[in-house]
Amino acid sequence: MNVINNNFSLVNKGITLNTAPFTTIEQNSFSINSPNGSDDSYGIFSYYSEGCDINNNTFATSASNSSATRGIVLVNSNRCSGDQTLLNANTFNSSGTGSFKSAIELEGDNRNCQLQCNVFEADNAADWRFVSNGTGTGTKPTLLDAQGTDPHLQMRMKKIPNWHFLVPGIEMLVVLEMAMIFLLIIMETPLMIK
């Protein structure tokens, strides 16, 4: 299934994937309402859906970061095929006046997931929130593989796993730091900084 170039305006629940593997969601715009009562609000909720490509979407809200408003929620994306789920180049709160409780929320086994080049512009309560799966003695930890690997390395040379801009003008400093790290990885030689 592909969901491409749509505008989800003033939604409480934008897209819900329930065992919908290999879905592509890209270049969509989500304007997410504050939740009603004890309910929650989200842009994308992916439940037991593996191998998804969620990229280049924008998420905005006018809610406060204490409400149950979330951008993307992944629950148990690591299933039987082992295909990787990729969250890449999504922007959170590009035009909204509020912030998210969780820009990206991970619950359960998401070991096959990579989060790369996502932009967090607002003062969210959490950019990445890890939520345990289950309650009581049945509680299972949230699992996520090491971040920063690029499944499409042959097609593009990106090694920047995450961005977070709160202060105007800091972008250049972050870019320079990431460029130095990338060069160190390529050179595989130690760098002495005094």
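Each value in this text was obtained by applying a stated rule to the coordinates, not by laboratory testing. For clarity, every value in this text was computed on a predicted model and none was experimentally measured. Glycine gets a Cβ as well: all are built from the backbone with ideal geometry, and neighbour counts include every protein chain shown.
Extension gain, residue 68 to residue 27: 0.36 nm times the residue separation minus the Cα-Cα distance gives 12.4 nm. Extending 7 Å from the Cα toward the beta-carbon at both residue 130 and residue 147 defines two label points whose distance is 1.1 nm. The H on the amide N of residue 45, modeled in the peptide plane, is under 5 Å from the matching H of 15, 16, 17, 73, each at least 5 residues off or on a different chain. Label sites at residue 1 and residue 140, each approximated as a point 7 angstrom past Cα along Cα to Cβ, lie 2.2 nm apart.
Just order 13-24, 41-52 by mean Cβ neighbour count inside 10 Å, highest at the front, would you?
41-52, 13-24
Computed over the range 1-143, the P(r) curve from all C-alpha pair distances, binned at 5 Å from the origin, holds 2, 11, 21, 24, 21, 13, 5, 1, 0 percent per bin.
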